[in-house]
Amino acid sequence: MGKRILLTAMLVLSLCSTLSAYQNPISLPKEAEGPGVADPGLLRWMGKYYLYATKTGEQGIRCWESADLVHWKFKAYVTGDEPEFADHMAWSPGPFYYNGRFYLYICGVDQKHKVFEADKPWGPFKCVNRDLIDVNTLDAVPFLDDDGQLYFFYAGWGGNAIQWRKASSPVKADGPNQKLPACQFSVNPDNWWTEGPALFKRDGMYYLTYCGNNWVEDNYQIRAAKGRSIEQLKPQSEEPFIAQLTGTWRATGCNWMIIGPDLKSLWNVYHCRKGGSWERRLCLDRLYIDPKTKDLWADGPTWDWRANPALPTWYENFSEKGISANWQPVSGRWEIGDGEVTGSGELLCKVATKESFAAEFNVRLAGGSGSYGVVLCDKDGNRLLLTIEAKSKNLVLSRVDGKRIAKVASALLPKDFDLKVWHTIRVEKQSGRLRIYFDEMLKMDKQVNTGGGRFGFTATGCKASFGWCGFSNIGEDDGIERAQAKKAG
């Protein structure tokens with residue numbers, strides 16, 4: 001009987017590991033010998049995730065690809081052992097997509113930041129700026145605010161607080177250097193060292209995470225701050241956000257926060273270190289926002305089996321050669337090729353959402369200067385148009401009543417945006433509240449009386465291309481908020 005129970009348990013664990021559950025730390029193929037996966041930086045692009053990690057002497061910066069944040073495949077060395085890397089070391093690669101180009105921000109022992117650029121997330125990346133910031137710094141990450149202003153957040157060398165500045169472009173951090181003196185901490189009185197900032201914004205609240213003291217110490221940990229403005233960012237608590245002081249895997253730090261594959265959950269990716277060594281591994285846990293206090297909380301660190309991040313309810317990557325049975329051409333002409341559908345007129349999806357949902361659409365202007373975008377229509381025939389006016393670079397939400405079109409809201413896009421490259425529209429609709437994000441910038445937040453239903457694409461006076469798209473239905477207590485926040489144990 002004992003052997004049977006043991007075999008059953010082993011079978012259950014095997015099924016968990018291969019089917020629908022994961023356990024921290026997560027092993028990746030072709031990890032770096034010695035450091036493993038350290039200082040992970042994460043990018044979401046066309047329904048996939050791209051992960052980059054610190055290089056300490058090996059061939060180049062590694063890149064992995066995943067659809068679910070758990071199962072990763074090695075994609076490429078996105079750089080070689082570039083001469084810009086001091087002593088062959090390249091730390092904390094921070095990825096960023098902006099206006100058609102992919103960027104990596106990489107620091108090193110010379111206390112300088114290098115900017116690398118590519119036209120694909122798997123590279124190859126080439127250095128376009130050898131000194132992004134004119135003070136000695138660590139771990140720079142970009143942040144695009146809702147108004148289109150670009151910022152860089154970074155750590156002062158020697159643990160001198162998290163710092164920030166405005167930037168005029170992804171390769172020019174040219175604003176004045178400013179500090180967040182409250183966003184630093186010390187566990188050891190003789191060792192102040194704060195690093196690894198990460199930032200996101202939700203409902204007007206800025207959330208900043210950072211870590212310290214020293215990654216080789218077991219008390220290396222993550223802290224969290226929040227504020228209604230960047231200048232007001234302060235620790236939400238004096239307690240660690242994520243910490244693990246004992247056990248085989250400990251010293252948690254260098255996290256990255258990102259929307260999950262279901263387009264509605266929020267996830268935390270970070271590394272842990274094996275006790276007594278320099279080996280680091282990837283960890284993954286859920287994040288939540290307490291709807292009452294607006295504090296950010298994490299489930300982690302977790303070491304037991306956890307359900308894999310959910311995939312979208314439905315998605316389309318346009319991998320078939322022709323228009324599939326899921327789509328209904330209403331007008332115009334539409335063609336599929338290279339993972340996108342291109343045309344003018346209207347193309348509707350036959351798969352319907354529920355009343356509350358989160359959806360993502362990737363769009364670009366393929367020719368002409370008219371308007372193009374997304375159609376949302378409910379079961380009662382009510383229609384919303386979310387279109388980009390090419391000439392004015394204006395994002396417009398309109399309600400369609402028969403032949404009448406009434407503008408509901410509009411928002412100008414950044415003047416330097418090139419509409420002929422890919423941009424991402426994310427739509428969140430819950431309890432009548434409609435939120436529209438354009439390249440992660442919240443551009444509209446409106447109450448609407450339309451329900452869920454079919455969506456589609458539209459292009460008038462131009463041709464437009466649409467790439468990966470998908471949606472997940474949202475339940476009453478779904479998304480990144482929950483009724484009762486649970487502080488990590």
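The values are calculated or read from the model by the stated rules, or taken from the named source; none is laboratory data. Note that the structure is predicted; figures quoted are calculated from it, not measured. Heads up, the Cβs are rebuilt from the backbone with ideal geometry, glycines too, and the neighbour counts pull from every protein chain shown.
The set of residues in the stretch 51-63 being surrounded by fewer than 23 Cβ atoms within 10 Å (Cβ to Cβ) and under 30 Å from Asn317 (Cβ atoms) consists of Gly60 alone. Pairing each residue of the stretch 206-222 that is part of a loop (DSSP other than H, G, I, E, B) with any residue that is of a type in the set (Lys, Arg), provided the two are 6+ apart or on different chains, yields C-beta distances under 6 Å for Asp218/Arg250.
In the stretch 260-276, what residues are in contact (Cβ under 8 Å) with a residue 24 or more places away in the chain and more than 20 Å from Pro93 (Cβ to Cβ)? Matches in the stretch 260-276: Gly260, Pro261, Asp262, Leu263, Lys264, Ser265, Leu266, Lys274, Gly275.
Before we move on, is Pro291 crowded, with 19+ Cβ neighbours inside 10 Å and not β-branched (Val, Ile, Thr)? It is false that Pro291 is crowded, with 19+ Cβ neighbours inside 10 Å and not β-branched (Val, Ile, Thr). Listed here are the strands (runs of 3 or more DSSP E) enclosed by the stretch 229-295 that have at least 2 residues being more than 12 Å from Asp218 (Cα to Cα) and either among the acidic types (Asp, Glu) or touching a His at 6+ places or on another chain (Cβ under 9 Å) (or both): 249-259, 280-289.
Can you tell me which residue in the stretch 317-334 is surrounded by the fewest Cβ atoms within 10 Å (Cβ to Cβ), limited to those that are of a type outside the set (Val, Ile, Thr) and over 30 Å from the mean Cα position of the chain (by Cα)? Within the stretch 317-334, the match that is surrounded by the fewest Cβ atoms within 10 Å (Cβ to Cβ) is Ala325.
Of all residues in the stretch 415-433, those that are closer than 19 Å to Leu385 by Cα have Cβ atoms under 6 Å from Cβ atoms of residues that are of a type in the set (D, E, K, R), 6 or more apart or on another chain, in His423/Asp439; Thr424/Asp439; Arg426/Glu360; Glu428/Arg435. If the condition is being touching a residue at least 24 places away in the same chain (Cβ under 8 Å) and assigned to a loop (DSSP other than H, G, I, E, B), then the stretch 61-73 contributes Ile61, Ala67, Asp68, Leu69, Val70. There is no residue in the stretch 111-123 that is among the hydrophobic types (A, V, I, L, M, F, W, C) and over 21 Å from the mean Cα position of the chain (by Cα). For the stretch 147-156, the candidate set comprises residues that are surrounded by 15 or more Cβ atoms within 10 Å (Cβ to Cβ) and either acidic (Asp, Glu) or over 20 Å from the mean Cα position of the chain (by Cα) (or both); within that set, the residue that is farthest from Gly100 (Cα to Cα) is Gly156. Of everything in the stretch 370-387 that is at pLDDT 95 or above and small (Gly, Ala, Ser), the residue that is nearest to the chain's Cα centre (by Cα) is Gly373. On inspection, Trp314 does not qualify as surrounded by fewer than 19 Cβ atoms within 10 Å (Cβ to Cβ), at pLDDT 95 or above and in contact with a helix residue (DSSP H, G or I) (Cβ under 8 Å, 6 or more places away or on another chain).
Listed here are the residues, each with its yes/no results for (1) more than 24 Å from the chain's Cα centre (by Cα); (2) under 24 Å from Lys294 (Cβ atoms).
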residue	(1), (2)
Asp145	no, yes
Asn160	yes, no
Trp164	no, yes
Lys172	no, no
Gly196	no, yes
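Just so you know, in the stretch 131-171 the residues that are charged (D, E, K, R) and in contact with a strand residue (DSSP E or B) (Cβ under 8 Å, 6 or more places away or on another chain) include one that is nearest to Phe438 (Cα to Cα), and it is Asp146.
Within the stretch 302-333, can you find the residues that are in a strand (DSSP E or B), among the basic types (Lys, Arg) and within 22 Å of Trp422 (Cβ to Cβ)? Once the filter is applied, which keeps residues that are in a strand (DSSP E or B), among the basic types (Lys, Arg) and within 22 Å of Trp422 (Cβ to Cβ), the stretch 302-333 yields only Arg333. Just to be sure before I move on: is Ala224 closer than 22 Å to Ala161 by Cβ and among the small types (Gly, Ala, Ser) in the structure I sent? Yes, satisfied.
The criterion of at least 1 residues that are at positive phi is met by the following strands (runs of 3 or more DSSP E) wholly inside the stretch 334-432: 340-349, 357-378. Comparison of Ala38, Ala76 shows that the only residue that is small (Gly, Ala, Ser), in a loop (DSSP other than H, G, I, E, B) and modelled with pLDDT of 95 or more is Ala38.
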